[in-house]
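**Q** Before I ask anything, here is the structure I am working with.
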Amino acid sequence: MNLNKALLIGRVASDPELKSTNSGQSVCSFRIATNRTWKDTSGQKREEAQFHNIVLWGKQAELASQYMPKGSLVYIEGRLQTRSWEGQGGKKYITEIVGEKIQFGPKSAGTAGFSGNQNQPGQKEIAKPVKKQELEEDIPVIEDGSFDVPESKDEIDVKDIPF
């Protein structure tokens, strides 16, 4: 059995670029950033970011280019794909995540950078820019080894794990 699955939650690092193939199929490409926080051996808090190339097709591509600006939070589920081409200096390679499922983050995370006014029923909704403070959100960070586990008399020994 084989499995090629990628699950990412991160921030859009570049504005989505929508294009069409010769046959009229919509394709959207952009990058997202994910980060990891941990404590090194000296106890110092460390952080690193990874950037991932994302490709979406069809209706998902159109929606992403319309409603997912740079900085917004996004969940992407897809598969890894490596492409190659002949370029200046030889053969070039790129690994991308082809999105199969996408979920936009909360509107407060910057989706479209606008929020609607509170209008009376029947009145046309007018968009207004969102303030920077409204875009910032507190997302809990779970750090490797940074939480306390209560001691119990039934400790699990790594040697007891059957795999």
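The values are calculated or read from the model by the stated rules, or taken from the named source; none is laboratory data. Remember, it's a predicted structure, so these values are computed and weren't measured experimentally. We place every Cβ from the backbone using ideal geometry, glycine too, and count neighbours over all the protein chains shown.
**Q** Tell me the residue from 7, 80 that is of a type outside the set (S, T, N, Q), over 12 Å from the mean Cα position of the chain (by Cα) and either surrounded by 17 or more Cβ atoms within 10 Å (Cβ to Cβ) or over 18 Å from residue 107 (Cα atoms) (or both), please.
**A** Among 7, 80, only 80 is of a type outside the set (S, T, N, Q), over 12 Å from the mean Cα position of the chain (by Cα) and either surrounded by 17 or more Cβ atoms within 10 Å (Cβ to Cβ) or over 18 Å from residue 107 (Cα atoms) (or both).
**Q** Report whether or not residue 59 is exposed (fewer than 14 other Cβ atoms within 10 Å of the Cβ) and assigned to a strand (DSSP E or B).
**A** Criteria not met by residue 59.
**Q** What do you reckon, is residue 31 surrounded by 14 or more Cβ atoms within 10 Å (Cβ to Cβ), at pLDDT 95 or above and assigned to a strand (DSSP E or B)?
**A** Taking the combined requirement at face value, the residue satisfies it.
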